[in-house]
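Student: Input: one structure, supplied below.
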Amino acid sequence: MDIKKLLFGLATFALLISSVPQKVAAQWSLGASYEIRDEEPENGFGVRLERDILQRLPIVNLGLRGHFSYFNEENSLSRDGVTYSRELTNYDYGLAAVGGVSVGLVAPYVGLGLGSSTMDVNRDDLPEDSPFDEDGSDSAIYWNGFVGAEISPVPLLTPFVEYRLEQVSNYENLDESIKEGNGRLIFGVSINF
């Protein structure tokens, strides 16, 4: 392929994209969410910051997202006068590329990214001869994919629902009862600015 033809084609494409009318839209959004998953801890909260890129495309939305999620749960069990309690804390953060389309008030989207997840286990009130470790902590790198939809009844606030699927490598330093995260259902709202 001739380099002049390639450059001419790229210049023509850039000229066509720049001549398309651009809708007025926010470039940033900050969101808060409630998250539900099957693994312990099951309920948590999240924060996400998203930046739109390539806003000149008429229907297609492309962006970059950073997210942080926090889960915490305490379990207690009493047996033969001995109380065993365990506090699980899981937090994760990551970056992802997001793509979607705007169809009226609804904007479905998909995304793919990488992140890191940390699980902390704190055990209290254990007898000295307990077979359980007192504390444990482990981190893992993961990839995630997600699908969701935003609804924009007003330009400033955007409610959303999302399903995120994560593939976390097994935590090496924690016991078998703690599984890696798989999927989570996310409900939230974003403020656009």
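The values are calculated or read from the model by the stated rules, or taken from the named source; none is laboratory data. Quantities reported herein were computed from a predicted structural model and do not represent experimental measurements. Because the Cβ atoms are built from the backbone with ideal geometry, glycine has one as well, and the counts that use them run over all protein chains shown. For the accessible areas, the whole protein counts, side chains as well, though only heavy atoms, and no ligand, DNA or RNA atoms are used. Shrake-Rupley method; radii C 1.70, N 1.55, O 1.52, S 1.80 Å.
Student: Evaluate the distance, in nm, between pseudo-label points positioned 7 Å from the Cα of Phe8 and of Gln167 along their respective Cα→Cβ axes.
Tutor: Each label point is offset 7 Å from its Cα along the Cβ direction, giving 4.4 nm.
Student: Further question on the same structure: Taking a 1.4 Å probe, which of Ser137, Ser69, Ser76 shows the most accessible area, and what order do the others take after it? Let's see the in-between values first.
Tutor: Details: Ser137 65, Ser69 0, Ser76 85 Å².
Per-residue accessible area, sorted high to low, gives Ser76, Ser137, Ser69.
Student: So for each of 89-102, 27-40 I average, over its residues, the number of other beta carbons within 10 Å; can you give me the resulting order with the highest mean first?
Tutor: Values: 89-102: 17.6, 27-40: 16.0.
Averaged packing, sorted descending, gives the order 89-102, 27-40.
Student: Then there's this: Name all residues of segment 44-79 having a backbone nitrogen under 17 Å from the label point set 7 Å from the Cα of Thr118 along its Cα→Cβ direction, giving them as ranges.
Tutor: 45-47, 67-73
Student: Per-residue HN-Hα couplings for segment 156-167, Karplus 6.51 cos²θ - 1.76 cosθ + 1.60 at θ = phi - 60°, whole Hz, x for Gly and Pro?
Tutor: The phi angles translate into 7, 10, 10, x, 8, 10, 8, 10, 10, 10, 10, 10 Hz.
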